[in-house]
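In what follows, a single structure is set out as structure tokens and then discussed.
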Amino acid sequence: MKKNSLLKKILKTPLPKNNMRNKIVAGNWKMNLGIQQGADLIKNIIEAKPQLNPHQKVIFCTPFTHLNSSSEVLKSAPSGYLLGAQNCHDQPSGAYTGEISVDMLTELQVSAVIIGHSERRQYFGESNEFLKNKVDSLVSKGKMILFCCGEPLSIRESDKQNEYVARQLQESLFHLSAEAMMNHIVIAYEPIWAIGTGVTASTQQAQDMHAFIRSLLKETYHEDVSKEISILYGGSCNATNAAELFACPDVDGGLIGGAALKAESFLPIISAMP
Ligand code: PEP
């Protein structure tokens, strides 16, 4: 059998069903909060919401400087509360001034890493190809990857968002095996025009894109893969609109920026998690 058809056959082989897909709310603090403020925020949230359902996860993606203190707070947290980072380097060690490796994150009990956030793509020139290397490094170290995709306004205005997002996923993720996809990947759809702008995608726009991503997963891998990967929405999601967005059948929670910086605004979003 030719290599390509063998590969296709492997990818289309039905996989054993795992549990129902996870519902996730992840806070992306970006470059905000002092170390003590961050620790207090996590403590306050856990105190107010001491129990999550077994399929729910809350992830705090803190700046690197907060990981140590946040991981101390999370040591006594109930199950489902996890620590995340906002970036990593793809190499295990070496002369990469200013960078942090996946092993360094592991030492601080980091479970998940945001990859491909539009701010890193835009301000730090991270290409789909470059992100693919980070994805591989994280998969090899057993991490959960919160992989961000999403189109700029000009692409949305020309109704080319599906092609744009498909390319981001194809070039950075779809080289992975079905097993690696199911075990490590969470996709966050974040339309760039909605990030930090106060303009949220409508529930129809979010649902349409999430359903499209799921159809791509089915076509590339298998229906089981498409059903099991959590797809989060991100972009001006807040205490007021979270419940409506999370009620969409293909939206499994959110990646939250501004509203994750205060317990008053983050808690209602956690509570809106299906
Ligand atoms: C983000 O930066 O991932 C994000 C979704 O930001 P905001 O919620 O502030 O739009």
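Numbers for the structure displayed
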item	result
Whichever residue in segment 212-240 is of a type in the set (Ser, Thr, Tyr) and under 14 Å from the mean Cα position of the chain (by Cα) and, among such residues, is nearest to Glu163 (Cα to Cα)	Tyr233
Any chance Val165 is farther than 27 Å from Asn68 by Cα, modelled with pLDDT of 95 or more and crowded, with 18+ Cβ neighbours inside 10 Å	yes
All positions within segment 45-61 that are within 13 Å of Phe266 (Cβ to Cβ) and under 19 Å from the mean Cα position of the chain (by Cα)	Val58, Ile59, Phe60, Cys61
Where Gly98 falls short, out of the listed (1) away from the ligand (no atom under 15 Å from the Cβ); (2) at negative phi	(2)
Selected residue (only one of Ser215, Ser271, Ser230 is hydroxyl-bearing (Ser, Thr, Tyr), away from the ligand (no atom under 13 Å from the Cβ) and free of Cβ contacts under 8 Å to residues at least 24 places away in the same chain)	Ser215
Of all residues in segment 249-262 being within 16 Å of the ligand (Cβ to nearest atom) and out of contact with any strand residue (DSSP E or B) (no Cβ under 6 Å at 6 or more places or on another chain), the one that is nearest to Ile115 (Cα to Cα)	Gly258
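The values are calculated or read from the model by the stated rules, or taken from the named source; none is laboratory data. Owing to the predicted nature of the structure, the values given are computational and were not obtained by experimental measurement. Here Cβ is always computed from backbone atoms with ideal geometry, including for glycine, and neighbour counts include all displayed protein chains.
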